[in-house]
Amino acid sequence: MNNIFVFDHPLIQHKMTYLRDKNTKTKEFRELLSEVAMLMAYEVTRDLPLKEIEIETPIGTAKSKVISGKKLCIVPVLRAGLGMVDGMQNLIPSVKIGHIGLYRDHDTLNPVEYYSKFPEDISEREVIILEPMIATGGSLSAAVDIIKRKGVKLIKIMSILAARSGIEKLASEHPDVEIYCANIDEKLNEHGYIDPGLGDAGDRLFGTK
Ligand code: URA
């Protein structure tokens, strides 16, 4: 699948090990997730267009580059996606932020949108969806559908850990969307958790279990 990118950077791989470790406590988990998001942001934004402007340095005049054209919006999927917002904002302080909340209907197992709020001009922005875990890929695929319906043309997904079946389903349903993650695991267990994975990212981030 040519729209899946797996980060092999040693700093990211090192931090992934401690995110997976069950002995890592909430504070450290939160810091690690934020750091991994920041390191990933560096690469995910590599293709942002630049334009040249002229500025005065203390010595003379310089032509130098600033980001131009398409502006960014990040959309964390509630609630674990919130743990990746800080890291992105550290690198891109002016980024606009939307939110999506989805739950899985007990009977149909389909994702249901319970909350969404986006910047008014989202259709003119490149959107990066933040969701640390790609398990079945079902709710992320629904999140992409919701954002596409808003008229957004360029969408990327930033995740940290994916189940192979989930990421492949997502990539085939949305071949126009680039998907970035740090590790791919081969299995989902009977409860839909990635195996060996890292557990419930939301619980580990917010200390709810
Ligand atoms: N969501 C999580 O937080 N963990 C998983 O393993 C799968 C989905």
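The values are calculated or read from the model by the stated rules, or taken from the named source; none is laboratory data. As the structure is a prediction and not an experimental result, all values here were calculated from the model. All Cβ positions, glycine included, derive from the backbone under ideal geometry; neighbour counts span all protein chains shown. Accessible surface is based on the protein model in full, side chains and every heavy atom, while ligands, DNA and RNA are left aside. Shrake-Rupley method; radii C 1.70, N 1.55, O 1.52, S 1.80 Å.
Key figures for this structure:
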| read-out | value |
| --- | --- |
| Odd one out for I67, checked against (1) over 16 Å from N183 (Cα atoms); (2) at pLDDT 95 or above; (3) open to solvent by 50 Å² or more (accessible area, probe 1.4 Å); (4) of a type outside the set (D, E) | (2) |
| Matching residues in region 1-38 - criterion: being of a type in the set (F, W, Y) and either touching a strand residue (DSSP E or B) at 6+ places or on another chain (Cβ under 6 Å) or open to solvent by 50 Å² or more (accessible area, probe 1.4 Å) (or both) | F5, Y18 |
| Filter result for V66 (in contact (Cβ under 8 Å) with a residue 60 or more places away in the chain and hydrophobic (A, V, I, L, M, F, W, C)) | no |
| Criterion violated by T26 - all others in (1) modelled with pLDDT of 95 or more; (2) closer than 23 Å to I122 by Cβ satisfied | (2) |
| Complete set of residues in region 179-209 that are open to solvent by less than 80 Å² (accessible area, probe 1.4 Å), near the ligand (Cβ under 9 Å from one of its atoms), under 18 Å from A80 (Cα atoms) and assigned to a loop (DSSP other than H, G, I, E, B) | G192, G197, L198, G199, D200 |
| Enumeration of residues in region 157-178 that are surrounded by fewer than 23 Cβ atoms within 10 Å (Cβ to Cβ) and more than 12 Å from A135 (Cα to Cα) | A171, S172, E173, H174, P175, D176, V177, E178 |
| Count of residues meeting criterion [within 10 Å of the ligand (Cβ to nearest atom) and either basic (K, R) or not in a strand (DSSP E or B) (or both)] in region 149-178 | 1 |
| Those residues of region 136-147 which are touching a residue at least 12 places away in the same chain (Cβ under 8 Å), open to solvent by 20 Å² or more (accessible area, probe 1.4 Å) and more than 16 Å from the ligand (Cβ to nearest atom), in sequence order | none |
